[in-house]
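Contents: one structure, followed by commentary.
The values are calculated or read from the model by the stated rules, or taken from the named source; none is laboratory data. These figures come from a predicted structure and were not determined experimentally. Positions of Cβ are backbone-derived with ideal geometry, glycine not excepted, and every protein chain shown enters the neighbour counts.
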Amino acid sequence: MKDKILVKLQEFAYFIWLILLVFIAVFVTYFYDTNKKNQIYFLQKSFDNVYLKKSLTSLTAEFKPRYVSIDYKVQSGDTYENIIDAIDIPKEEKKLFLDNVKKNKEVKSLKQNQKIFFKLDRKDQTKIIEFKIEIDKKREAIFLRNKSLTSFKFNIIEKNLTKVVLYKEGTINNSLYSTAISLGIKPNTIVEFARLYGFQVDFQRDIWKGDSFQIIYEQFENEDGSLVENGDILFANLNVQGSDLNLYKFEYDKKKVDYFDENGKSMRKTLMKTPINGARLSSSFGKRKHPILGFTRMHSGTDFAAPTGTPIMASGDGIVTRAQWCGGGGNCVKIKHNSVYQTVYAHMSKFGRGIKKGVRVKQGQIIGYVGSTGLSTGPHLHYEVIENGKKINSQKLKLPSGKTLKGNKRKDFEISKIKIDVLKSELIAGLN
Ligand SMILES: [Zn+2]
């Protein structure tokens, strides 16, 4: 009997070993996994430690590669000085760079949304070895450091891109974004489209399934379509629950472009109600129990919940009067728009590029990013509007509307509008 069992066992020996191995494997993986999770947890914990963070950045700085590339898109109000000041290079280097670009008439003035590129050599003292700037969609200026390093060689490169004008229309099922993407519209164009309507439409709350949109926009492409750059939106329409919101691009002053409705009225208002996209109003103006302090007090602003890092826009043109830590408000920015209005943005994770006291900002310009600094229970934007020194409810703000074109400008606008309408019918006819 015993022998028989032994023989049987021998027959199954391989099988038993196999099962044992599987058990060992599962066991080992499990412990490895939990261990790893713990390690990650402790690593994250130590990353949150500011002091360690600092020493880590200085440590990693030692290992940074020799060449560094910087891509940047010019924001309104930017100057060569503030851009070059944001880069860590010696003074003489900054001066040499500024002298070179400023004596070149093709590039000496910066335009909003212009793409620029720096290549730095960090060997010994950091030097700019290449600087590129887009003159227009078809041409690029390039400054290459000469061998002796004393100056730059200047060249213009033709990009050989063709401008195409596209017409797209769609019905919104899920979100404007997903519908537009499915139509092949590039993300930057969609963001721009949403920004145009930022004063009138809250894309989280006002858009319903079945609402539709039309858009005419430019795109620059090379021969095989592998390189695509964004151009301007020429026309946009958003049909919200049966009513059309038409917007026409129009150059109302030399090199000054804005969007107007069919009656020549600008969509730009003095202040935006919601200086952030894709956020949820989480706490409104008025008396409430403070989530951290626990007692009831006046909530003198409006809170918008949004993920950390969501860009926050200047709700109107103005001058930054504060961009610093302000206690319970964490990192905050204050903007003075005119003699009547000021706005405050609090709990930011970080400030926008170049945002500091005294800087002039344009409506819609990114001034910072959502965070949870100061007295805050989670990532959100605390937004305050101050009217004649008194905090008021931004959501009930009676906004002075944008200007309406008059006189000759209105006539020019009507002509430009007709041209766009003709273009639109041609493009639609081309679709069929
Ligand atoms: Zn708040």
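Computed values, structure above
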quantity: The lone exception for D232 - which of (1) at pLDDT 85 or above; (2) within 16 Å of the ligand (Cβ to nearest atom); (3) out of contact with any Leu (no Cβ under 9 Å at 6 or more places or on another chain) it fails; calculated: (2)
quantity: Selected residue (criterion: nearest to E140 (Cα to Cα)) from residues of region 187-217 that are surrounded by 17 or more Cβ atoms within 10 Å (Cβ to Cβ) and charged (D, E, K, R); calculated: E192
quantity: Test: residue in region 401-421 that is closer than 23 Å to T321 by Cα and part of a helix (DSSP H, G or I); calculated: no
quantity: Subset of region 374-401 that is hydrophobic (A, V, I, L, M, F, W, C) and modelled with pLDDT of 85 or more - its residue that is farthest from A346 (Cα to Cα); calculated: I392
quantity: Residue in region 363-381 that is farther than 30 Å from F235 by Cβ and more than 16 Å from the ligand (Cβ to nearest atom) present; calculated: yes
quantity: Qualifying residue in region 290-305 (condition: closer than 14 Å to Y197 by Cβ and not aromatic (F, W, Y)); calculated: no
quantity: One residue from Y345, Y341, Y259 being under 18 Å from the mean Cα position of the chain (by Cα) and touching a residue at least 12 places away in the same chain (Cβ under 8 Å); calculated: Y345
quantity: Number of positions in region 365-396 that are under 23 Å from H337 (Cβ atoms) and part of a strand (DSSP E or B); calculated: 15
quantity: H347 being in contact with a Gly (Cβ under 7 Å, 6 or more places away or on another chain) and within 16 Å of the ligand (Cβ to nearest atom); calculated: yes
quantity: Qualifying residues in region 255-280 (those that are touching a strand residue (DSSP E or B) at 6+ places or on another chain (Cβ under 8 Å) and surrounded by fewer than 16 Cβ atoms within 10 Å (Cβ to Cβ)) - the one nearest to Q363 (Cα to Cα); calculated: V257
quantity: Any hit, region 329-339, residues being at pLDDT below 85 and of a type in the set (A, V, I, L, M); calculated: no
quantity: Selection from region 303-342 of residues that are buried (at least 20 other Cβ atoms within 10 Å of the Cβ), within 13 Å of the ligand (Cβ to nearest atom) and part of a strand (DSSP E or B); calculated: D303, F304, C332
quantity: Qualifying residue in region 251-273 (condition: in contact with a His (Cβ under 9 Å, 6 or more places away or on another chain), within 16 Å of the ligand (Cβ to nearest atom) and not hydroxyl-bearing (S, T, Y)); calculated: no
quantity: Residue within region 281-293 that is part of a strand (DSSP E or B), more than 24 Å from the chain's Cα centre (by Cα) and more than 16 Å from the ligand (Cβ to nearest atom) present; calculated: no
quantity: Tally, over region 113-163, of residues that are β-branched (V, I, T), modelled with pLDDT under 90 and in a strand (DSSP E or B); calculated: 4
quantity: Residue match in region 242-249 (condition: hydrophobic (A, V, I, L, M, F, W, C), assigned to a strand (DSSP E or B) and surrounded by fewer than 19 Cβ atoms within 10 Å (Cβ to Cβ)); calculated: yes
